[in-house]
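Have a look at the structure below before the remarks.
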Amino acid sequence: TSMKVAFIGLGNMGAPMAENLIKAGFEVTVYDLVESAMQTLEQAGARRASSASEAARGVEVVISMLPAGAHVRSLYLGGDAPGLLDALDGKPLLIDASTIAPDDARTVAEAAAARGLSYLDAPVSGGVGGARAGTLTFIVGGSAEAYVQARPLLEAMGKNIFHAGASGAGQVAKLCNNMLLGILMSGTAEALALGVGNGLDPAVLSEIMKQSSGGNWALNVYNPWPGVMEQTPASNGYQGGFLVDLMGKDLGLATTLALESRAAIPMGAQARNLYALHASQGNGRLDFSSIQRFYRAGDSD
Ligand code: NAD
């Protein structure tokens, strides 16, 4: 018999992740607050539930993919309604793949441990494209035993799976990565605008920097200048991809983490403010490479 899994949260990321579990042969029961999200998954072969605790009945693993820490806390710990931790009939492994504050992940992990349950923070990198293709990177925090138990499931949704350390470590590593990404994207856009403003062709400048010491992921595979690379959000009006609002959320979480641990993040703070200004100008729903427009208004396509 195949393993029974509950999947809570069927948004842009959760829906394709749950579909990949079904394709890999897991028996998946889904729950989302949004009715239409569940219908799509039902057509893909999932069973649907009328609440998170109903979805989790009798399963071996619960996976959640929710917007933010408040949603994850209220799902597991409860708020207006009782939390999942107190509604479970068995002892399933709990895996949260949302990006949330490390402290929130540790709070849920401790509450789970107090009930004899294992909880892993397992935020992902790779975006909606990676979720669809099943090539996500999972960055896991929690016990080694739970990590080993989770691997077959994570392998059905991802390609690179890392054990970062104890509870919360997955979230810390994810925030470090996305802070660096925000810095690199801003810096890449800044350098391109400087060169183009001084007469260079953006494609020629990009190629030169790629082959020189300025090469980085934002420049090499996600060029923010429209038309330099095909198939990038920049070449498609900055539609799709990784939203400015989500980058802003992750940079905010990194800022809080730095404040709490008294770490200096001058570059990260700069990136957070750039993205906050960019979002406040109505760009929150554009791809994060649209920070290019911040440096050079008018280069819309
Ligand atoms: P989303 O907003 O598209 O989806 C979230 C889903 O959760 C929605 O369908 C919503 O209805 C559902 N939901 C909210 N509260 C719920 C509850 N109590 N019970 C059941 N369902 C509930 O978000 P997303 O883009 O799928 O992102 C999910 C998480 O993954 C976020 O933490 C995000 O930061 C992270 N992430 C996103 C990307 C990306 O490119 N979109 C990449 C990496 C990580």
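Under the combined filter of DSSP loop state and at most 10 neighbouring Cβ atoms within 10 Å, the stretch 189-254 retains these GluC sites (Glu not before Pro): E230. When the helices of the chain are scored as -39500 (n - 2.57) per DSSP H run of n ≥ 4 and the total is divided over every residue, the value at 222 nm lands at -14500 deg cm²/dmol.
For K159, a cut-off of 24 angstrom between C-alpha atoms picks up these lysines, skipping any fewer than 8 places away in its own chain: K4, K23, K174. Within the listed set S213, S36, S51, the residue fluctuating most in the Gaussian network model of the chain (springs between alpha-carbon atoms under 10 angstrom) is S213.
Relative contact order, whole percent, for the chain stands at 13, derived from Cα pairs under 8 Å and 6 or more residues apart. For N236, put the label point 7 Å out on the Cα→Cβ axis and report which residues of the stretch 119-135 keep their amide N under 18 Å from it. Counting backbone N atoms under 18 Å from the label point, the list is 126-135.
Qualifying trypsin sites (Lys or Arg not before Pro) in the stretch 28-115, where qualification requires a DSSP coil assignment and no more than 13 other C-beta atoms within 10 Å, comprise R115.
A short reminder: the numbers here are calculations on the coordinates, not readings from a lab. Since we're looking at a predicted model, the values are computed, not measured. Note: ideal-geometry Cβ built from the backbone for every residue, glycine included; neighbour counts use all protein chains shown.
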